[in-house]
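Q: I'd like to ask some things about the structure below.
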Amino acid sequence: MSRFQTLTPSQLSRADFVQAFADIYEHSPWVAEQAYDLGLDSGLDEVDGLHQRMADLLLSASREAQLALINAHPDLAGKAAVRGELTASSTSEQAGAGINQCTAEEFARFTELNDAYKAKFGFPFIMAVKGSDRHQILAAFEERIHNSPEQEFTRALAEINKIALFRLQQL
């Protein structure tokens, strides 16, 4: 178990807690709000403790809330990235995977796969890209596009929880 480096969650006011953790789940501060509202204890001062609480909240949320959170995520190598409209975390995560270094052909393939994936599943492809490169991401895209909608919905939630853990570990 590792403790947070920059803050002690159990000592924060609701406003400070929500501010600190609002974007752990992309554009979904409700996860941080509900995590706080369940009550604070020293177990939340451990990254794994807070992550477990937040992950459980996502997994127990309504399907509507889950879908809204999935849809809050940007396309990988999508138009928002090109226009510089990603959150700081998403920008850093995509750059860390080398997505910002795509060739024209790779970028075209990402665009094609993003469009096909959203047409099939109704939400963007989600992958925790930390530790992966753009070639591995494209390969995962190519493989996962053949899954069922329910498999991908479940996978998207799992990937979102991985992203959240990576983000919490940075604090």
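The values are calculated or read from the model by the stated rules, or taken from the named source; none is laboratory data. Remember, predicted model here, so these are calculated numbers, not experimental data. Cβ coordinates were reconstructed from backbone atoms using ideal geometry, including for glycine residues, and neighbour counts include every protein chain displayed.
Q: Between residues in region 133-146 that are farther than 17 Å from F123 by Cα and residues that are in a loop (DSSP other than H, G, I, E, B) and of a type outside the set (A, V, I, L, M, F, W, C), which pairs lie under 6 Å by C-beta distance while being six or more apart or on different chains?
A: D133/G98; R134/G98
Q: Restricting attention to region 54-63, report how many residues are surrounded by fewer than 17 Cβ atoms within 10 Å (Cβ to Cβ) and outside any loop (DSSP other than H, G, I, E, B).
A: Looking only at that region, the number is 4.
Q: Moving on to the next point. Would you pick out the residues in region 1-29 that are loosely packed, with under 15 Cβ neighbours inside 10 Å and assigned to a helix (DSSP H, G or I)?
A: Matches in region 1-29: Q11, R14, A15, D16, Q19.
Q: Could you list, in sequence order, all residues of region 126-157 that are in a helix (DSSP H, G or I), surrounded by 14 or more Cβ atoms within 10 Å (Cβ to Cβ) and either of a type outside the set (S, T, N, Q) or in contact with a Cys (Cβ under 7 Å, 6 or more places away or on another chain) (or both)?
A: R134, I137, L138, A140, F141, R144, E152, F153, R155, A156, L157
Q: Sticking with this one: So which residues in region 18-47 are of a type in the set (V, I, T) and out of contact with any Asp or Glu (no Cβ under 7 Å at 6 or more places or on another chain), if there are any at all?
A: Scanning region 18-47 gives I24, V31, V47.
Q: Still on this structure, please answer the following. Within region 30-52, track down each residue that is under 16 Å from S2 (Cβ atoms), part of a helix (DSSP H, G or I) and charged (D, E, K, R).
A: Correct list: D45, D48.
Q: Here's another thing I want to ask about it. Just to be sure, is N114 part of a helix (DSSP H, G or I) and either at pLDDT 90 or above or more than 19 Å from I24 (Cβ to Cβ) (or both)?
A: Yes; evaluated as a whole, the condition is true for this residue.
Q: Condition test on I160, is it outside any helix (DSSP H, G or I) and surrounded by 13 or more Cβ atoms within 10 Å (Cβ to Cβ)?
A: no
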